[in-house]
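Please read the structure below before turning to the comments.
The values are calculated or read from the model by the stated rules, or taken from the named source; none is laboratory data. Here the structure is a predicted model, which means the values were calculated and not measured. Don't worry about glycine lacking a Cβ; one is built from the backbone with ideal geometry, like all the others, and counts go over all protein chains shown. Heavy atoms of the whole protein, side chains included, go into the accessibility calculation; ligands, DNA and RNA do not. Shrake-Rupley method; radii C 1.70, N 1.55, O 1.52, S 1.80 Å.
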Amino acid sequence: MLPSEHRLRRRQDFSIAVKRGRRAGRPLLVVHLSRDGVLAGAAGALSDSSPHVAEGLPPARAGFVVSKAVGPAVVRNLVKRRLRHLVGARLSRLPAGSLVVVRALPPAAAASYLELEHDLDAALRRLLRAEPSGGAPTGAGR
């Protein structure tokens with residue numbers, strides 16, 4: 001399970017990641033990454049005594065969207081648990097203050113843990129090698 005300081009909870013944080021962030025789509029999931037989390041007041045969610053606030057930046061935070069299109073509740077919860085575990089192990093690679101939203105697509109219901117891991121890693125690689133801002137838009141250069 002993700003520690004509470006690494007979880008997205010507020011609708012505003014999800015909106016910032018989806019609307020202002022970059023997107024990488026894969027067959028099983030779509031990952032949105034925004035480095036604007038600090039600008040949106042995300043730092044206010046942490047106390048000054050938190051060990052993650054080294055330079056005034058909060059840690060990377062993640063949220064998950066698994067709709068009913070993925071399947072019944074048991075399947076959705078299984079997908080969410082797998083994604084939480086996978087993202088939790090990768091949060092240290094993300095820039096401090098970044099917001100990540102992982103949206104599971106319907107094929108994720110039948111995917112194995114390794115398939116989800118492959119798609120997540122590929123999406124994060126694509127987002128992290130992209131220019132933070134002012135660079136080419138996602139998908140340019142194809």
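Observations, loosely collected:
- For the stretch 26-142, the strands (runs of 3 or more DSSP E) that sit wholly inside it and include 1 or more residues that are over 16 Å from ARG7 (Cβ atoms) and at pLDDT 85 or above are 29-34, 99-104.
- Those residues of the stretch 7-25 which are part of a helix (DSSP H, G or I) and crowded, with 21+ Cβ neighbours inside 10 Å, in sequence order: ASP13, ILE16, ALA17
- For the stretch 62-82, a residue qualifies if it is touching a Phe, Trp or Tyr at 6+ places or on another chain (Cβ under 7 Å) and within 19 Å of ARG10 (Cα to Cα), and the qualifying residues are GLY63, LYS80.
- Candidates LEU105, LEU91: the one that is within 23 Å of GLN12 (Cα to Cα), open to solvent by 20 Å² or more (accessible area, probe 1.4 Å) and of a type outside the set (D, E, K, R) is LEU105.
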